[in-house]
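The values are calculated or read from the model by the stated rules, or taken from the named source; none is laboratory data. Model, not experiment: these values are computed from the prediction. FYI the Cβ positions are ideal-geometry reconstructions off the backbone, even for glycines, and counts take in every protein chain you see.
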Amino acid sequence: MGKRSRKQKNLHRLHGQWPDPHTSAWFEQTLQHNPMAAFITGSIIHHAGRTDVCSVCGDTPAPIYDALDAPYQSLRLCADCLGIREADYDERYQLRSGRT
Ligand SMILES: [Zn+2]
């Protein structure tokens, strides 16, 4: 039992290391941190019939952002919701580069 074969990814949830938004891995992590957000986003995706939509409102286009100081760390955000979250919730996001 002394082998350390498991990757301890969950212990080091740094910026950019969260799974892509709306994947099953993302839902697992979001459920732990913000169950209501996971529920709302799940409903939005279900109604949109696609996963590349804004995590908050279901609008497109919605690129992937990594939160710099928010309670959960990756979201797809449309321009409106990005602005709202930064202005109203004082959260800061960074566009994830190199991925779509
Ligand atoms: Zn939105």
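Remarks
- Remark: pairs (first residue in the stretch 31-53, assigned to a helix (DSSP H, G or I); second residue surrounded by 15 or more Cβ atoms within 10 Å (Cβ to Cβ) and among the aromatic types (F, W, Y); Cβ separation under 7 Å; 6+ apart in sequence or on different chains) = H33/Y72; A37/Y72; A38/F27; G42/F27.
- Filtered residues of the stretch 78-92 (kept if in contact with an Asp or Glu (Cβ under 9 Å, 6 or more places away or on another chain) and within 12 Å of the ligand (Cβ to nearest atom)): C78, A79, D80, C81, R85
- Across the stretch 45-74, the number of residues qualifying as in contact with a Cys (Cβ under 9 Å, 6 or more places away or on another chain) and closer than 16 Å to S24 by Cβ comes to 1.
- When A48, A37 are checked against the criterion of being more than 13 Å from the chain's Cα centre (by Cα), within 14 Å of the ligand (Cβ to nearest atom) and not polar (S, T, N, Q), A48 stands alone in meeting it.
- All of (1) at pLDDT 90 or above; (2) part of a helix (DSSP H, G or I) hold for P21 with one exception: (2).
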